[in-house]
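Contents: one structure, followed by commentary.
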């Protein structure tokens, strides 16, 4: 009896991906850099395919690699197949509007100090939609990281195909508690300046933007993350450069004050999506809610 479901004797997908990169670059080293693997891992992947099919795919000469005729045939088919897979995955991801989950990637400081305190109101508005919140900053590949939305401070390059919806313009300035400000006699030179390693130039950028290059702190303290520096300012340990919207709630409740005012940084916070938010009801309602929250 014939069997139309014969088991496919194919090399692993990871090995084919490594081969495709090596063949495209004609370099194992450049393929390793692209895929964040070692040169040895690429070499083993190619050897695994060659052992499986019993044909040499590369000729190695003078520390370079060249495709054989068999390698050229396999490259063409592998490239077409990987492109088709990528396209299909993208189409599925883009049109999965029936999912009860919305995966949102948000910068950690913005998530902790602005978004998370507000998510309860969104749950009341849309109890059937679950927000899967992931904290990350900087460049993002929405497809490979399986995210529907990214909320970012736009101080980096991003994929030209992304849809960008501006959330708000950022403004910044030194912030501290009222008690601390009184304690340093309302003199920023007498304050301890709090820095974050994720925004190491925040104080210098603020000084240059305001023509205050000669200002110097009494002492300085460094923290790993921006939100740690802001929390330290709230606990009267010094002054930090705070930004709106991150310290918006703190200023309203007077947990922090901005005694020297807040000035535009020239950067925006924005929402990144694969398509126009209106094409997915889940994304549309969340984006509209975010914009409504920021303008209150």
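Residues are listed down the side, and each one gets a yes or a no for (1) buried (at least 17 other Cβ atoms within 10 Å of the Cβ); (2) in contact with a helix residue (DSSP H, G or I) (Cβ under 6 Å, 6 or more places away or on another chain):
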residue: 14; (1), (2): no, no
residue: 20; (1), (2): yes, yes
residue: 28; (1), (2): yes, yes
residue: 33; (1), (2): no, no
residue: 39; (1), (2): no, yes
residue: 44; (1), (2): no, no
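Among the residues making up region 93-120, a single one is surrounded by fewer than 14 Cβ atoms within 10 Å (Cβ to Cβ), touching a residue at least 40 places away in the same chain (Cβ under 8 Å) and assigned to a helix (DSSP H, G or I): 117.
Selection of region 232-254 for residues being more than 26 Å from residue 270 (Cα to Cα), out of contact with any strand residue (DSSP E or B) (no Cβ under 6 Å at 6 or more places or on another chain) and in a loop (DSSP other than H, G, I, E, B) yields 235, 236, 237, 254. Total residues in region 57-80 satisfying the condition of being assigned to a helix (DSSP H, G or I), without any contact (Cβ under 8 Å) to a residue 60 or more places away in the chain and either surrounded by fewer than 14 Cβ atoms within 10 Å (Cβ to Cβ) or under 34 Å from the mean Cα position of the chain (by Cα) (or both): the figure is 8.
With respect to residue 126, is the statement that it is within 30 Å of residue 188 (Cα to Cα), surrounded by fewer than 18 Cβ atoms within 10 Å (Cβ to Cβ) and at pLDDT 90 or above true? The answer is no for residue 126.
One line per residue, one yes/no per condition, for (1) closer than 28 Å to residue 237 by Cβ; (2) in contact with a strand residue (DSSP E or B) (Cβ under 9 Å, 6 or more places away or on another chain):
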site	(1), (2)
122	no, yes
128	no, no
142	no, yes
146	no, yes
149	no, yes
157	no, no
173	yes, yes
178	yes, yes
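Does residue 267 count as surrounded by fewer than 18 Cβ atoms within 10 Å (Cβ to Cβ), within 14 Å of residue 109 (Cβ to Cβ) and in contact with a strand residue (DSSP E or B) (Cβ under 6 Å, 6 or more places away or on another chain)? So residue 267 passes the test.
Selection over region 280-296 of residues that are loosely packed, with under 15 Cβ neighbours inside 10 Å and modelled with pLDDT under 90 gives a count of 2.
The values are calculated or read from the model by the stated rules, or taken from the named source; none is laboratory data. Quick caveat, the model's predicted, so the values are computed rather than measured. All Cβ positions, even for glycine, are placed from backbone atoms using ideal geometry, and neighbour counts span all protein chains on display.
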